[in-house]
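Student: Structure provided below as structure tokens; questions to follow.
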Amino acid sequence: MIKFVVAARARALAEFAAGLVATIVLYATAQVAPAAAPPAAAVKPPTMTEVLAASKPSDWHALDPANTLYLELAGGRVVIELSDLFTPKHAANIKTLAHEKYFDGLAFLRSQDNYVVQWGDPHADARAEDADKPRPVGSAQRTLKAEFTTPIRKELPFTRLPDVDGYAPQVGFSGDFWSARDPKKNEAWLTHCYGAVGVGRDLDSDSGGGTELYVVIGNAPRHLDRNITVVGRVLQGMELLSVLPRGTGPLGFYEKAEQRVPIKSIRLASDLPAAERTNLEVLRTDTPTFTALVESRRNRRDEWFKVPSGYVELCNVPIPVRAAGAAPK
């Protein structure tokens, strides 16, 4: 009996000692173990400036001289890109007019605040008995069938904006242009964003041809979409157009000839020597870089912004343009 008690006490003492050693080891380990790493800081999404700074040369493309117009004013050059995918007939007609120097010496006839500036022939509506006659259009056509929309097709690129739009079922970017789509009607069209270039017309849908053009200089008049042929957009020189003196007549038309702003010339880039061209390149809208740019505008993370909106309107997404080969800033 005594041997059994002694043995039991020995086992209990051994177990106590083992437990004490384990406790000491755990305590010592806890004292020397490194503190838990703090949670990783959330990665801040890049701003548009940062997105462009990280862009690669392959994210950009050079302008096609055959679809680029130079509008020359006393104050400088306005660079316009035409869309021959959306409006092939009007683009071709305008290029013919430019090639044959139709626009040289014409003028801006209208400058309506927060809307458009418009140029053309001040005698386009002259009557037979008037001394001043409309300027001949040469081998071009004075009017064309409207190209308000074009069928959706494979060769028409489209990068869709994820946000809803009040003027179209789908909006996004087709090449260098803001555009919209209605899949049910199989229609696509260019939209009236700031800098859009459109073809003036009368009440008849088919009464325009490109002899009279306008540029949006104000808040995007999207209600004009699918009501006028949009042929392109201004890539450079908007600062020359947006400051033109406002017209004093209805719709901003100039009431006196001396108010008009003369046009020195309009030329196709392909008609000029390479040394006289303005070499620009445009950010491709079918790249991850552009997708990141769109997101930077949907959720503004610039230090100044406190509440990102999580939404962006189509015309508030810029399609960047820069000098060809320029290093990102």
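Student: Report the residue count in region 288-321 for those that are in contact with a Ser or Thr (Cβ under 8 Å, 6 or more places away or on another chain) and under 18 Å from Glu50 (Cβ atoms).
Tutor: Number of matching residues: 10.
Student: Is it the case that some residue within region 225-241 is in a loop (DSSP other than H, G, I, E, B), open to solvent by 60 Å² or more (accessible area, probe 1.4 Å), more than 25 Å from Leu293 (Cα to Cα) and touching a residue at least 60 places away in the same chain (Cβ under 8 Å)?
Tutor: yes
Student: Evaluate region 243-254: report whether one residue or more is closer than 30 Å to Arg181 by Cα, open to solvent by 40 Å² or more (accessible area, probe 1.4 Å), assigned to a helix (DSSP H, G or I) and not hydrophobic (A, V, I, L, M, F, W, C).
Tutor: no
Student: While we're looking at this one, here's another question. What number of residues within region 91-133 satisfy the criterion of being part of a loop (DSSP other than H, G, I, E, B) and among the aromatic types (Phe, Trp, Tyr)?
Tutor: Qualifying residue count, region 91-133: 3.
Student: Could we say that Ser139 is open to solvent by 50 Å² or more (accessible area, probe 1.4 Å), out of contact with any His (no Cβ under 6 Å at 6 or more places or on another chain) and either aliphatic (A, V, I, L, M) or over 26 Å from Leu235 (Cα atoms) (or both) here?
Tutor: Criteria met by Ser139.
The values are calculated or read from the model by the stated rules, or taken from the named source; none is laboratory data. Keep in mind it's a predicted model, so treat the numbers as computed, not measured. All Cβ positions, even for glycine, are placed from backbone atoms using ideal geometry, and neighbour counts span all protein chains on display. With ligands, DNA and RNA removed, areas are computed over all heavy atoms of the protein, side chains included. Shrake-Rupley method; radii C 1.70, N 1.55, O 1.52, S 1.80 Å.
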